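I have placed the structure first, in the form of structure tokens, so that the comments after it can refer back to it.
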Amino acid sequence: MEKITAKLLLERASPKASMLEEIKNLNLSGLGLKCEHLPIPLLCRLRALESWDLSGNRLEELPRGLALPALRSLDLSGNEMDDVTTLDSLTSLEELKMEDNMYITVNDNYKLMVLLPKLKMYNGKDITSTANHMRYVYGENLRTRIVAVWQTDFHLPSSVTEEKVAVLERDFVKAARNQVKFGPSSISDYTKWRVEMIAKEHLQSLLRPKEASKGSWQLNDPKENNNDTSPAKRRRLAPDTGDTPSLRPRRKVGADPPGDGDTATHTPARPRPTPRKVGLASAVRSSPRKAAANVKEEGEGAAIQSRDGPRSPRKKSRSRTQEAVRLKPLHVLQCHSKQDGSEDFSTQLWACAFQPPPHSSSTAESAAGSRLVATCGGDSLCVIDCETGMVMKKYKVPGEEFFSLAWSTVFMSGKGSGPVRPCSILAAGGKRGQVKLIHPRANVAYGEFHASSKALSILHFNPRQGNFLFAGSYDNKITMWDIGGVDSQYNFKAIQLLVLACKSTPLHLCLPPASPDTHLLAATDDGLRCFNTELHKNTMKRTEEMEITFPIYKEEDKDCSFRTIDGLRFLTDDVVASKSYMQASIYLWSWSQTHGQRPHNKTGRVHAVLLAELQWANTDMPYLSLSTCPGESYVVCGDDAGRLWTYHTDALLRTKSQSGKLTPPTEVLEWPAPVRKGLSPVEGPAINSVAMDPELSYLVALSDKNMVVVWKRLHSSS
């Protein structure tokens, strides 16, 4: 056996190199090498090594800690390998050969797929599909069961010490290995190994918020933040110089729409009139605050430490006397940062939505499903666990800017005559006009299709027909697509079904819960439009059926327009919540009574039948959308100072408010004023979007300053 020296490495390199740091391909086959013959300090100098042939040796394992960042291909065939976990440092590896290693089992093959996240070719075969299944689908099934074991039998100690954590980890891992049963018995060794790995990861994720962090956030008590400033203005960027259309968040209301060309110009802002004033002193009560809580950075963001222990899923009460909603800030994350930097406070976040409850009877899976929220902004889309504050998945598309996303459930067919099962997917779109389709559970972005030549402003699925997707775009159109299901190889086909012509950019889309297959409400830059979407109609291109108008329109003049409807959501099967740009209130109105009117012969308009008017912020900032939680009769809308205006409308809708009377908010939640150590507090930014899970266990708010804020509901001890 020849000793491994720098001279030998240079002699066996191809092409020839003068320095170890320049070697790209290295052949050390047939030298009778064992692990102890591989000098780590010398080999770690091979920073540019891309391909390494170690075949025909006597290796039982590789030396641990081997750092070869550029290594893409490794040949270990014809050795005596029996411990594949020693390859875990070769994270850039894409191709691996392990043939003729008599001790390698099927369990080892699956371990390699997890240890080497970029591995695509194994023993000359493409394993991408199998590897993704083992990494994500199989892993998520195990994770769900492991979390259930934790929630049932374990909890964090009140005081965390190294000794207590060691004992807790030992007991939790042991319990998980014994209780989690999943997969065929032929890979039980792999399953137990993976369970141990995931159990340790889960425990560490729970411990992280308890640890101190140099870059952690802290919360200031809002009562101590009395230095009120004038409302911040939404960031305006210089006109795009590339071949991209103008974008909704950067466009002034009343500006000229993008032209037919690829490059759009931005109309200069015009002066705004003073919005209608609404007194707040006597009507609004700010929420009480607890002492400042500690915050810990989580992966790509930061989290406000929760003082509540694990909570089992709350059963929905059918009683009309509902528990008062009390919310506390739990996490603050910067997970959409440019280059993943913590100093990015400029990326604007635009849309968030909770994953719909899964089609599962498993309590653990249902609980996990209801706390996963998707957020988008900049060039990325994230899926966040609201309880832990962890970014579970992240998708980046360089050059894209995402404006909208939507969840749905489609059907996935198995191989051959395998069973068909429901599959929760995400659709996302932005300035490129393309819809990205993602299967988060498998961590697969499985497809895309071109929905418009202009940027996409809004996406919305039909809840009754999960494969029907509406896409609003900056060419003043709404297109309806059938994206079908997917097969085991993620093949799909998107077919355009309808084209609805708007008179301006659609900002929000809603389908009446009682008739999602026949009508569509579109909130646009120039009013609220209603379309007939029945597919048995002959025409595939349609104009609006009617326009719905509001009392605020009477206050319009040549310098002031209230026709931009930038908030629209159904609160019940019949009650709709909406607001107009610059309007210091939110309307609640009846869909059935409004739609039941005959449109004006010439204008095609009907007047919204108002049920109540909710007092809201006095601001001239557009595109601050509202959200509703029908199960809790709850409405929330953020403002331009980071506050959340909340309304519990159950009693209001039962008693019917007096016409023309403003109903004050139930509570205004102040901006939690997060601060990093050594830096001043972040002032309240504009809250662009808000989302709540069906049971209002969590509320998520997205800001203009690249901050995702997660609020958690507090329940009474009874």
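The values are calculated or read from the model by the stated rules, or taken from the named source; none is laboratory data. If you're wondering where the values come from, they're calculated on a predicted model, not measured in any experiment. Using ideal geometry, Cβ is built from the backbone for each residue, glycine included, and neighbour counts are taken over all protein chains shown. Side chains are part of the model used for accessible areas, which takes the heavy atoms of the whole protein and leaves out ligands, DNA and RNA. Shrake-Rupley method; radii C 1.70, N 1.55, O 1.52, S 1.80 Å.
Take LEU76 and decide whether it is farther than 19 Å from LYS3 by Cβ and either at pLDDT below 90 or buried (at least 16 other Cβ atoms within 10 Å of the Cβ) (or both). For LEU76, the condition - farther than 19 Å from LYS3 by Cβ and either at pLDDT below 90 or buried (at least 16 other Cβ atoms within 10 Å of the Cβ) (or both) - is met. Which of the residues belonging to segment 608-620 are assigned to a loop (DSSP other than H, G, I, E, B) and open to solvent by less than 10 Å² (accessible area, probe 1.4 Å)? TRP616, ALA617, THR619 - these are the residues of segment 608-620 that are assigned to a loop (DSSP other than H, G, I, E, B) and open to solvent by less than 10 Å² (accessible area, probe 1.4 Å).
With respect to the conditions (1) farther than 24 Å from HIS508 by Cα; (2) open to solvent by 10 Å² or more (accessible area, probe 1.4 Å), LYS436 lacks only one, and its number is (1).
On the stretch given as segment 152-178, residues that are closer than 22 Å to TYR136 by Cβ and open to solvent by 70 Å² or more (accessible area, probe 1.4 Å) total 1. Among the residues of segment 165-186, those identified as at pLDDT below 90 and either part of a helix (DSSP H, G or I) or touching a helix residue (DSSP H, G or I) at 6+ places or on another chain (Cβ under 7 Å) (or both) are PHE182, GLY183, SER185, SER186. Looking only at residues in segment 370-407 that are open to solvent by 10 Å² or more (accessible area, probe 1.4 Å) and among the hydroxyl-bearing types (Ser, Thr, Tyr), which one is farthest from LYS436 (Cα to Cα)? Per the stated criteria, the residue is THR388. One residue stands out among those in segment 441-487 that are in contact with a helix residue (DSSP H, G or I) (Cβ under 9 Å, 6 or more places away or on another chain) and open to solvent by less than 10 Å² (accessible area, probe 1.4 Å): the one that is modelled with the lowest pLDDT, which is ALA442.
Looking across VAL137, VAL106, one residue alone is open to solvent by less than 70 Å² (accessible area, probe 1.4 Å) and over 30 Å from SER51 (Cα atoms). It is VAL137. Only one of the numbered conditions (1) open to solvent by less than 30 Å² (accessible area, probe 1.4 Å); (2) at pLDDT 90 or above is violated by MET197, and that is (1). One residue alone among GLY30, GLY65 is closer than 29 Å to THR128 by Cα, at pLDDT below 95 and either open to solvent by 40 Å² or more (accessible area, probe 1.4 Å) or part of a loop (DSSP other than H, G, I, E, B) (or both), and that residue is GLY65.
Out of GLU22, GLU50, one residue alone is in contact (Cβ under 8 Å) with a residue 12 or more places away in the chain, within 40 Å of the chain's Cα centre (by Cα) and open to solvent by 20 Å² or more (accessible area, probe 1.4 Å). It is GLU50.
Looking across segment 526-574, the residues that are under 19 Å from PRO506 (Cα atoms) and part of a loop (DSSP other than H, G, I, E, B) come down to ASP526, THR533, MET540, THR543, GLU544, GLU545, PHE550, SER561, PHE562, ARG563, THR564. Looking across segment 556-572, the residues that are surrounded by 15 or more Cβ atoms within 10 Å (Cβ to Cβ) and touching a residue at least 24 places away in the same chain (Cβ under 8 Å) come down to CYS560, SER561, ARG563, THR564, ILE565, ASP566, GLY567, LEU568, ARG569, PHE570, LEU571, THR572. Listed conditions (1) in contact with a Gly (Cβ under 9 Å, 6 or more places away or on another chain); (2) modelled with pLDDT under 80 are all met by ASP221, apart from (1).
Filtering GLU60, GLU2 for residues that are over 30 Å from SER185 (Cβ atoms), among the acidic types (Asp, Glu) and outside any helix (DSSP H, G or I) leaves a single hit, GLU2.
One line per residue, one yes/no per condition, for (1) assigned to a loop (DSSP other than H, G, I, E, B); (2) closer than 30 Å to LEU74 by Cα:
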residue	(1), (2)
THR91	yes, yes
ILE104	yes, yes
ASP108	no, yes
PRO117	yes, yes
ARG135	no, yes
TRP150	no, no
SER158	yes, no
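Inclusion of THR85 among residues that are at negative phi, surrounded by fewer than 19 Cβ atoms within 10 Å (Cβ to Cβ), free of Cβ contacts under 8 Å to residues at least 60 places away in the same chain and not basic (Lys, Arg) is warranted.
In summary, strands (runs of 3 or more DSSP E) completely within segment 671-718 and bearing 2 or more residues that are surrounded by 24 or more Cβ atoms within 10 Å (Cβ to Cβ) occur at 687-692, 698-703, 708-714. Here SER504 clears all of (1) surrounded by 21 or more Cβ atoms within 10 Å (Cβ to Cβ); (2) among the hydroxyl-bearing types (Ser, Thr, Tyr); (3) in contact (Cβ under 8 Å) with a residue 60 or more places away in the chain except the condition numbered (1). Among the residues of segment 129-150, are any over 26 Å from SER424 (Cβ atoms) and either without any contact (Cβ under 8 Å) to a residue 40 or more places away in the chain or of a type in the set (Ser, Thr, Tyr) (or both)? No: zero hits.
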